[in-house]
Each structure stands twice: as structure tokens, then as C-alpha cells.
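Novice: Structure below; questions to follow.
The values are calculated or read from the model by the stated rules, or taken from the named source; none is laboratory data. Only a predicted model underlies this, so the values are computations on that prediction, with no experimental measurement involved. Don't worry about glycine lacking a Cβ; one is built from the backbone with ideal geometry, like all the others, and counts go over all protein chains shown. SASA here: full protein model, heavy atoms, side chains in, ligands and nucleic acids out. Shrake-Rupley method; radii C 1.70, N 1.55, O 1.52, S 1.80 Å.
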Amino acid sequence: MAILLLDDGTTENDLSEIVRELEVLGIKLRHYDPGTSLLFPELIEQETITDSQKRHIVVVHNSVFEFLQQENGYLWSDLLNIHPGSPNLDTWMATYGRYHTHNASEAIYLLAGEMIYGFVKPDGSQIQLLVQSQDYLHIPAGVEHWCSFSACLHFKVIRYFTTVEGWMPNYTDTHQQFKI
Ligand SMILES: CSCCC(=O)/C(O)=C/O
Ligand SMILES: [Fe+2]
Ligand code: NI
């Protein structure tokens with residue numbers, strides 16, 4: 001279940017409160033319990049997974065979460081697996097750990113591990129969202145954010161795309177208030 005860190009150092013664990021905070025930015029957060037990780041437990045446990053195993057997970061997951069695709073018009077989806085042995089983790093962090101927007105929406109469903117997202121509230125304060133297993137997050141096009149892995153350096157995430165080119169980052173000038 002997601003946890004929200006506010007700029008005064010306090011945390012919010014109540015899902016409906018977090019949803020309310022994010023709604024102001026047009027961001028959707030939902031938690032689906034049970035999720036689909038139980039359908040492929042041995043693959044979720046593996047640190048590395050092959051491309052065909054990824055395709056299998058995506059097909060099975062999407063057969064359960066078809067409504068998400070229909071609701072939002074997602075054209076395609078894939079599985080990104082980040083783990084401590086992944087190559088170029090520093091490049092990944094440098095690319096997505098800076099505030100950016102996309103011309104299309106960014107939507108994810110987390111199968112395992114943790115991800116961190118940062119957002120700017122209308123009053124200029126910054127918030128940090130820890131996304132956890134079975135959480136679904138939808139960030140509309142044009143909403144400023146950054147994204148990173150947590151200290152465990154591990155996540156398996158389904159990404160939903162509405163354009164062929166995926167998510168190209170348009171960097172903004174906002175600086176991160178949090179150290180990651
Ligand atoms: C959600 S994993 C890929 C990172 C990425 O493309 C992005 O835009 C994060 O904000
Ligand atoms: Fe992004
Ligand atoms: Ni982990």
C-alpha cells in the first residue's frame with residue numbers, strides 16, 4: 001500500500017487521504033487486492049526474467065486487468081524489471097530522477113518491489129509517493145513528476161502506454177527538494 005511523504009517530513013498512510021492529495025493534480029491512485037502477482041509467484045521471485053517470461057506475465061496480468069486498458073485507452077503495455085544487477089542504474093536514475101512531463105499519460109501497475117514518485121503541489125510544495133506492490137498509478141499528460149527506485153533497488157512494473165513512442169521526458173526546471 002502506498003505511503004505519502006509530505007514536505008514537512010510527515011507521512012500519510014491512509015489511502016483515501018493520499019488519493020485526495022493526488023486528485024488535486026489529476027493523478028489517480030488505486031490499490032487492487034488481491035493483485036495478479038499470485039498468478040506467477042515463481043516469476044515474481046526471480047531476480048531476472050526472460051523476454052518471453054515478461055510477455056507471459058503481461059498477457060496474464062492484462063487478462064485480469066482488461067478494464068484498466070478499456071477505461072483509459074491504453075494501446076500497449078510491457079513489463080520493466082529493475083533489480084540490483086540491472087545495467088546502467090545510474091543512467092536510469094539520471095534520466096527519470098529529474099522533474100519531467102510527458103505528452104501522454106504515464107500509467108503503471110506495480111507487481112513487486114517499490115518505486116518512488118515525486119510531484120509538485122499547486123502551492124509549490126513537493127510530495128513523495130512510495131508506490132508498492134498492487135498499486136496502480138495514473139499520471140496525466142503534462143503533470144510534472146520524477147521517478148526512482150527505493151533503497152531495495154528492485155521493482156517489477158507493468159507500464160501502460162497510449163502512444164507508440166511511449167514516454168519521452170520533457171525536462172522542467174523544477175529542482176527536487178528530496179534527496180534520492
Ligand atoms: C515507470 S518505469 C519507467 C520510467 C519512466 O519512463 C518514467 O517516465 C518515469 O517517470
Ligand atoms: Fe515519467
Ligand atoms: Ni525489493
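Novice: Are any of the residues in segment 94-109 more than 13 Å from ligand 1 (Cβ to nearest atom) and at pLDDT 95 or above?
Specialist: The answer is no; no qualifying residue exists.
Novice: Please name all residue pairs, on different chains or six or more residues apart, with Cβ atoms under 6 Å, provided the first residue is in segment 139-156 and is closer than 19 Å to Gly113 by Cβ and the second residue is small (Gly, Ala, Ser) and part of a loop (DSSP other than H, G, I, E, B).
Specialist: Close Cβ pairs (under 6 Å, with a partner that is small (Gly, Ala, Ser) and part of a loop (DSSP other than H, G, I, E, B)) amount to Trp146/Gly97; Ser148/Gly97.
Residue-by-condition table, conditions (1) exposed (fewer than 15 other Cβ atoms within 10 Å of the Cβ); (2) of a type in the set (A, V, I, L, M, F, W, C); (3) at positive phi; (4) over 19 Å from the mean Cα position of the chain (by Cα):
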{"residue": "Asp51", "(1), (2), (3), (4)": "yes, no, no, yes"}
{"residue": "Lys54", "(1), (2), (3), (4)": "no, no, no, no"}
{"residue": "Ile57", "(1), (2), (3), (4)": "no, yes, no, no"}
{"residue": "His61", "(1), (2), (3), (4)": "no, no, no, no"}
{"residue": "Phe65", "(1), (2), (3), (4)": "no, yes, no, no"}
{"residue": "Asn72", "(1), (2), (3), (4)": "yes, no, no, no"}
{"residue": "Asn81", "(1), (2), (3), (4)": "no, no, no, no"}
{"residue": "Gly85", "(1), (2), (3), (4)": "yes, no, no, yes"}
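Novice: Okay, moving on. I'm checking my understanding of the structure. Among residues of segment 126-145 that are open to solvent by 30 Å² or more (accessible area, probe 1.4 Å) and within 12 Å of ligand 1 (Cβ to nearest atom), which one is nearest to Leu4 (Cα to Cα)?
Specialist: Glu144
Novice: Quick one: in segment 146-163, of everything that is of a type in the set (A, V, I, L, M, F, W, C) and part of a loop (DSSP other than H, G, I, E, B), which residue is nearest to ligand 1 (Cβ to nearest atom)?
Specialist: Step by step, filter segment 146-163, then rank; the result is Leu153.
Novice: Going through segment 6-27 one residue at a time, which ones are open to solvent by less than 70 Å² (accessible area, probe 1.4 Å) and touching a residue at least 40 places away in the same chain (Cβ under 8 Å)?
Specialist: Once the filter is applied, which keeps residues that are open to solvent by less than 70 Å² (accessible area, probe 1.4 Å) and touching a residue at least 40 places away in the same chain (Cβ under 8 Å), segment 6-27 yields Leu6, Ile18, Glu21, Leu22, Leu25, Gly26, Ile27.
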